[in-house]
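First comes the structure, then the notes that go with it.
The values are calculated or read from the model by the stated rules, or taken from the named source; none is laboratory data. Worth saying up front: this structure is predicted, and the values here are computed from it rather than measured. With ideal geometry, Cβ positions are generated from the backbone for all residues, glycine too; neighbour counts draw on all protein chains shown.
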Amino acid sequence: MAKTALAPGEPASATKSNNVIEWVNGHYQNSRTFLGDVRAELRKVVAPSRKEVQATTLVVLVTVFVFAFYFWVVDYVFYHGVHAIISKLAGPQ
């Protein structure tokens, strides 16, 4: 590993390691390892077939319509329930 220059008056046996270079090398190696792992994982990715996309799209659409109907019913019941309560509390007009 590279060593830093000695300060004037410092003995030759008191060499210092260059922490910046070690830090950069460590991050470089970590980055290479990470990118290699990413590349290996991307090789495992498989795009869905047209049939799979159509099937999942159908499931999503059916689910959306079921939930829309459910929330419409709940909203209708709450609206009429609250409206009936307010009408009773307000009395005849």
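Looking at (1) of a type in the set (S, T, N, Q); (2) modelled with pLDDT of 95 or more; (3) exposed (fewer than 10 other Cβ atoms within 10 Å of the Cβ), which is the only condition Q54 fails? Just one mismatch for Q54, condition (3). In this entry, L35 passes the filter for residues that are of a type in the set (A, V, I, L, M, F, W, C), within 27 Å of the chain's Cα centre (by Cα), surrounded by 10 or more Cβ atoms within 10 Å (Cβ to Cβ) and modelled with pLDDT of 95 or more.
Does S49 satisfy the criteria of being at pLDDT 95 or above, among the small types (G, A, S) and either out of contact with any helix residue (DSSP H, G or I) (no Cβ under 8 Å at 6 or more places or on another chain) or surrounded by 10 or more Cβ atoms within 10 Å (Cβ to Cβ) (or both)? Taking the combined requirement at face value, the residue satisfies it. Of all residues in region 23-72, those that are not aliphatic (A, V, I, L, M) and not in a helix (DSSP H, G or I) total 3. For region 14-27, the criterion of being at pLDDT below 95 and within 25 Å of the chain's Cα centre (by Cα) is satisfied by at least one residue.
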